[in-house]
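J.: What follows is a structure written as structure tokens; I'll ask about it next.
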């Protein structure tokens, strides 16, 4: 093995360890909002980290996902075979997301409409059925979950994993490719601060009010973020809005009060799914529009230069008047 190969293997090993560490750390944070048996939560950030890691570094980092999931679940049980089954589900679901997104030609830049749709349906909603079904079924078969609790637990599990992909993965992909803006006017920073403050204030109001209709107040700010700041504004706003909604559902407050667990999870999944879909789709549309506009300007400039060059050549080739 030459030195370059050794360096590549070392880099891969370090990346796997980093993924495992991030998976474990964010899992401990996610468990602070557990709703079922100390291990099922409506937001599971590790899944979003796992999908982002696979998209950025490839399938070679999957052992980091498995190790992180094992480290988290081994302490909360219920039994070793059950833990291994849950770890299998937690590993297979992100891998399935990665394979489906690759198959669909997904771009990590999230700069196309088809990328936004693929992340929602092929990256989040469909593959997370795997982890939710394996996890909830394992708890049921191991005897720690009654039959009547299967669907509520399944709904929380699916919501948590899907939300992890919908709100965490886009944020990480944006951060990965983000660059500090140069030559930005002070008014842009003022507008960004105003957007952040308004989004936070309105979301806190909506998630603590008893009426669920107030949740719709956040969408104008998502539209504002998407049109004015594109991915750099929409992804953090969607993450913040979804996180606050999840926190409210975890403490059964605001629009999530006086409802059973399954109803709250359906409401939360619908709301956060709409938030993510709105932010991703609008951002993709705006990015495509801006890119098309820049391409048209570039082609017009080239055409103008070509016409000017041709006119200069014609004038030089015209014989002088007698």
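None of the figures in this text is laboratory data; all of them are computed from the coordinates on show. These numbers were taken from a predicted model, which means no experiment stands behind them. Virtual Cβ from ideal backbone geometry, glycine too; neighbours counted across all protein chains shown.
J.: Using only the C-alpha atoms of region 3-316, find the volume of their convex hull and express it per residue in Å³.
T.: Value for region 3-316: 169 Å³ per residue.
J.: Using only alpha-carbon positions, what ratio does the radius of gyration of region 133-203 give when scaled by 2.2 N^0.38 Å? Before the final figure, lay out each step's value.
T.: Working: Rg = 20.7 Å, N = 71, 2.2 N^0.38 = 11.1 Å.
Rg over 2.2 N^0.38 Å, computed on Cα atoms: 1.86.
J.: Which of rounded, prolate, oblate describes region 1-156, given a ≥ b ≥ c as roots of the alpha-carbon gyration tensor eigenvalues and a/c under 1.5 marking rounded, otherwise prolate only if a/b is larger than b/c?
T.: oblate
J.: Follow-up question, since we're still on this one. Could you list 16, 95, 74, 65 in order of exposure, starting from the residue whose Cβ has the fewest other Cβ atoms within 10 Å?
T.: Values: 16 21, 95 18, 74 13, 65 27.
Least to most surrounded, the residues fall as 74, 95, 16, 65.
J.: Could I ask something else about it? To one decimal place, what orientation-averaged projected area in nm² is obtained for the convex hull of the Cα set of region 78-196?
T.: Numbers: hull surface 40.0 nm².
Mean shadow area of the hull around the Cα atoms is 10.0 nm².
J.: What ranking, highest mean first, results for peptides 53-61, 289-297, 167-175, 129-137 when packing means the other Cβ atoms within 10 Å averaged over each residue?
T.: Sorting 53-61, 289-297, 167-175, 129-137 by mean packing, highest first, produces 167-175, 129-137, 53-61, 289-297.
J.: Give the distance, in whole Å, between the Cα centre of region 94-114 and the Cα centre of region 130-154.
T.: Between the Cα centre of region 94-114 and that of region 130-154, the gap is 29 Å.
J.: Over the Cα atoms of region 207-274, compute the convex hull volume and normalise it per residue, giving Å³.
T.: Per-residue hull volume (Cα only) is 67 Å³.
J.: Also, quick follow-up: List 282, 125, 6 from most exposed to least, where exposure is judged by having the fewest other Cβ atoms within 10 Å. Could the numbers behind the result be given before it?
T.: On the way: 282 21, 125 18, 6 10.
So the ranking, lowest neighbour count to highest, is 6, 125, 282.
J.: For a footprinting-style exposure proxy, rank 96, 198 by other Cβ within 10 Å, fewest first. Don't skip to the answer; put the middle values down first.
T.: Values: 96 19, 198 15.
Least crowded to most crowded, the residues run 198, 96.
J.: Using only Cα atoms, tell me the angle between helix 128-141 and the longest principal axis of the chain; keep it within 0 to 90° and round to the nearest 10.
T.: Long axis of 128-141 versus the principal axis of the chain: about 10 degrees.
J.: Per DSSP helix of 4 or more residues, -39500 (n - 2.57); summed, then divided by the residues of the chain. What does that give at 222 nm, rounded to the nearest 500?
T.: Computed ellipticity for the chain at 222 nm equals -25000 deg cm²/dmol.
J.: Just report the Cα centroid separation between region 60-87 and region 172-222, whole Å.
T.: 36 Å
J.: Using only the Cα atoms, work out Rg/Rh for region 161-248, with Rh taken as the Kirkwood radius, to two decimals.
T.: 1.00
J.: Sort 184-190, 259-265 for me by packing, meaning the mean count of neighbouring Cβ atoms within 10 Å per residue, highest on top. Walk me through the numbers before you get to the answer.
T.: Details: 184-190: 9.4, 259-265: 17.0.
Per-residue mean Cβ counts within 10 Å order the peptides as 259-265, 184-190.
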